[in-house]
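**Q** This is the structure, below, for whatever I ask next.
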Amino acid sequence: MSDPSAVESWFGGGFARLHPALQALHRDGGRLEGCVRFHIGRGLAGVIGRRAMRRLGIDPGAPEHRLFVDIRHEDGALRWARRFGTAPEAVSWFRPVGRWPAGHWEEHAGPLTLSLAVDTDGGGWQWRQVGCRFQGLPVPVWLAPRIEAGKRIEADGYRFDVAIRLPLLGEILAWGGTLRMAC
């Protein structure tokens, strides 16, 4: 029997609350792919959302893009590498802090670090943002971007949704879709 993954260790007995397919993905890692749809905010929020997409190498004029995700466990952390179509790969590192249900994960993506607690419901996984740092400095709640994200198994697919909101402006960008295991 292999060592438990970072996710299994962090969840402990709560790991069994996840759908068996989510358990397998977070125990063994894997590659997923599928089409995702984007929604860009309106007004100034939309300007920021389109700019964010361009910075990631994603065409904001196309509402749908192919997404490839590679999930692995390395050095006690969870590594997520995402690529939208032919855009450059974007890598996030998720490091566990404490244990479920009181602990959280730290997502490191460039200069931004999000502290994300996990709520489970119906076998799914919903991130709940509990903190934000930029270049190591805490960002006040009233100024911090709000990330809402979740994943669940739906019709044998990996369904996920992500939304980014800014204070006073609202939703700047959202995307989601159903992915399948890649060969």
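The values are calculated or read from the model by the stated rules, or taken from the named source; none is laboratory data. For clarity, every value in this text was computed on a predicted model and none was experimentally measured. Every residue, glycine among them, receives a Cβ derived from its backbone with ideal geometry; neighbour counts consider all protein chains shown.
**Q** Which residues, taken from the stretch 28-80, are under 16 Å from V91 (Cβ atoms), crowded, with 17+ Cβ neighbours inside 10 Å and touching a Gly at 6+ places or on another chain (Cβ under 7 Å)?
**A** Of everything in the stretch 28-80, those that are under 16 Å from V91 (Cβ atoms), crowded, with 17+ Cβ neighbours inside 10 Å and touching a Gly at 6+ places or on another chain (Cβ under 7 Å) turn out to be L67, I71, H73.
**Q** Given the conditions (1) over 19 Å from V118 (Cβ atoms); (2) at pLDDT 95 or above; (3) touching a Leu at 6+ places or on another chain (Cβ under 6 Å), which single one is not true for F84?
**A** Condition not satisfied by F84: (2).
**Q** G177 - would you say it is modelled with pLDDT of 95 or more, over 19 Å from L56 (Cα atoms) and not β-branched (V, I, T)?
**A** Numbers: modelled with pLDDT of 95 or more: yes; over 19 Å from L56 (Cα atoms): no; not β-branched (V, I, T): yes.
No; evaluated as a whole, the condition is false for this residue.
**Q** Which members of the stretch 97-129 meet the condition of being at pLDDT 95 or above, over 17 Å from H26 (Cβ atoms) and out of contact with any Asp or Glu (no Cβ under 9 Å at 6 or more places or on another chain)?
**A** Of everything in the stretch 97-129, those that are at pLDDT 95 or above, over 17 Å from H26 (Cβ atoms) and out of contact with any Asp or Glu (no Cβ under 9 Å at 6 or more places or on another chain) turn out to be G98, A102.
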